[in-house]
1. How much net charge surrounds B:LEU423 when only other residues with a Cβ under 14 Å from its Cβ are counted (Lys, Arg +1; Asp, Glu -1)?
2. Which whole-Hz couplings ³J(HN,Hα) result when phi for each residue of region A:174-184 is put into the Karplus expression 6.51 cos²θ - 1.76 cosθ + 1.60, θ = phi - 60°, listed in order with x for Gly and Pro?
3. Average the reciprocal distances over every distinct pair of alpha-carbons in region B:295-339, invert the result, and give the Kirkwood radius in Å.
4. Which of rounded, prolate, oblate describes region B:135-265, given a ≥ b ≥ c as roots of the alpha-carbon gyration tensor eigenvalues and a/c under 1.5 marking rounded, otherwise prolate only if a/b is larger than b/c?
5. Based on a Kirkwood Rh over C-alpha pairs, give the Stokes-Einstein translational diffusion coefficient of region B:99-192 at 37 °C and viscosity 0.692 mPa s in µm²/s.
6. For B:GLN99 and B:ASP289, FRET efficiency with R0 = 45 Å and r from the beta-carbon atoms, rounded to 0.05?
7. Quick one: angle between helix B:2-22 and the longest Cα principal axis of chain B, in degrees between 0 and 90, rounded to 10, please.
8. Within region B:72-111, report the trypsin sites (Lys or Arg not before Pro) that DSSP leaves as loop and that have at most 16 other Cβ atoms within 10 Å.
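We did not get these values from a lab; they are worked out from the coordinates using the rules stated. All of these numbers come straight from a predicted model, not from anything done at the bench. Neighbour counts run over all protein chains shown; Cβ positions are idealised from the backbone, glycine included.
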Amino acid sequence: MLRNLYYITGWLILISFSFSLGLYYPAQAFAEDGVAAPADSPVEETTEPTPADSAETPQAEADTATGTEKKAEENTAEPATGATAETVKPGEGEVLKPAEDRKRLSPEEAAKLRDSLKIKSRRKQKQTKEKDASDSVIKRIFDASKDKDNERFNIDYSPSKPDPVTADEETPFYKHWIFWTIIGVAAVSGVVIGLKYGLSSNKTMSIDITRREP
Amino acid sequence: MKRTLMLLCLAFLCLVCIACDDTQNMGLALELVTPDNQDPFEGVVRLSIKIEDAGDKERETTYPFEPADGFDDLSFRLKDLDRYSSFELEVRGEDIEGQTVSRGQSTVINSSEMEDDVFSIYFAKVNGISTPPLSMGKARNNLRIVVPGYNDAVIIGGSDTNIDGTELDSIAEVENFSVLKYTVGNLNYGDEDLRLASGVVGHSASYLDSANILVLGGYSRSGEEISYLETPLVISANVEEYLIETKCKDFNPRRTLHAATTIPGFRQVFITGGVDEDGNILADAALYDDDLHTSTKVFDLKTPRRGHTQVSVFDGNEEYAGMLICGGTDSDNKLCEWWSVDSEGSRVIESDLRETLTGHSAATISNGRAIMVGGTIDGVPVDSALLFRLSCLESGCDTLKRIDSLLETARSDASLSSFGSGLLLCGGRDASGAVLSSCEVLMIGEDAKITHYSTIEMAHARVGHSSALLPDGNVLIAGGWNETEGALDSMEIYTPQ
């Protein structure tokens, strides 16, 4: 009886744990796809630069632009780099944030990330390649210079707009790892607590009976 | 991703640990204690083990156990037992016809307190007297036994006595018989053994609802020196102050052969009569109040009494009605007195019996009755009993009814204990003055129907011993004296049907 209870408890916990992980992984992959896909980038919803934004020092602007270019060169593979450069709308503080994140990656981590992106973003690569093929070299140069100009003038340095908040606002709550962690922990807790208190009346007690030696 | 996995793994491990910890099996151990002088498994073909919820008597489970190769190596496990927060466990040994031939019962066991611990059951033949593998630390004659609570019997006072009957030093050590563990040892508080300031004999010991024990009267003997107990003592359940000296108001506690009985529900002890240090027979009655720790004289009995009996009487609703005081007087027309709660003094019970009764034993029985068994009338041991009926006190029927030839052996100075629907009368002296080893079992019926059931032999003849009903339903007989062994340290146990 007691052994069965242990088995049932263990299996339920494992099932709920697996369930929460199973829900998390597809959601995470879906969220990554959504960020990387060019068609899904919310480029049209960027905010217009304010006078205050454009009043930043030229040195800061130059540093930021240079840093962005370096990050793009260091952290992205050739096809992916092209795709990223194309899909990220220049001139937005929000899109610079992932670039800053990537800056912290070591070369090994960057390589891992590239591999990961290769596997997970086949559709994204395919679309990027098709688009690359259709664009001429002159158009790309023109677009790049245009992007740099846009980037220079549209960078949002305002401290009143923290980047992570803006990034979080753009990610649906159900695609966030915290959400699925809470779901998983809650499910496991529910199962365990339910077993603990729901079956308490069936807990067992054993009595060993021996005879006192004369 | 790593953080997610780490958090989930930690949560998983913590919760599994919690769940596993709580679902651990509660383990208790029961030890069957068997007598030294009998085999309780003789003729037993089946054990029936019944566990009964102490809070709900209707909730019980019975486990049959049929041993294939006898009971010599009895060791088995009961699994899948529902959790009982507190329970009583009974073991019955049945013969081939299903009759119970052996029996043992636990006191109330609290599961959580006894987890991973051992509790004991004394398993012996029913309606038999057996010798447990226990003995007191000291041989004691004229000892007193008090049963406080559910798990213990406390043995107080007494004296060593020579084979020729010469009284030796009185005993100051207080011993504790644990019914829960079936062990005997000095009563201790923490690491300290309880010891009275001096030995005491000829005293009374009364258990109060407050878990205190009042030790009153008696004297201490050391060699030829005798000193009467100056102040009544309270053995308290309070560890910080476990021995309390109490006060007296208009009452001299220096006496022996007195009677002291607890008044149920009042935290008071009613004290009457006795003999003072000058040999005077006393008539005063006092009340000890446990809240004030003071004994106060309340009235005088109608006649001085010593060596008398005093029992509480309960009405048909089992509510305390009053106190019956009988015998111990030289006056032949004041055999018994009655003191009810609401009266200022006692009154003599009208009776046609004109006799002086002493050396008898008394017990309360159900339905407003009390019984006085044996004793000597005009110096001669008798085999009769006197039945008191509360219902006749006002109605005019015989309030005191004699039941002749109730006993198989006329005897005095015996011990008397009531158990369930029976009475056990043990030891004492017969008409020739010899100390008796027999016990007689009396069955209590309706009204005046009291009958002799059986006579059983103890391992030792005893007089000056004491007996008490234990919380496990057995009757303990301990100490005393006989002509061949002197003072006794042995114990015997009667197991009712």
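1. Overall, the nearby charge balance is +1.
2. Values, residue by residue: 6, 9, 8, 4, 5, 4, 6, 5, 4, 4, x Hz.
3. Taking every pair of different Cα atoms in region B:295-339, averaging 1/r and inverting gives 11.7 Å.
4. In terms of gyration-tensor shape, oblate.
5. So the translational diffusion coefficient is about 212 µm²/s.
6. Taking R0 as 45 Å, the efficiency between B:ASP289 and B:GLN99 is 0.35.
7. Tilt relative to chain B: about 30 degrees.
8. When the trypsin sites (Lys or Arg not before Pro) of region B:72-111 are filtered for loop state and at most 16 Cβ neighbours within 10 Å, B:ARG83 remain.
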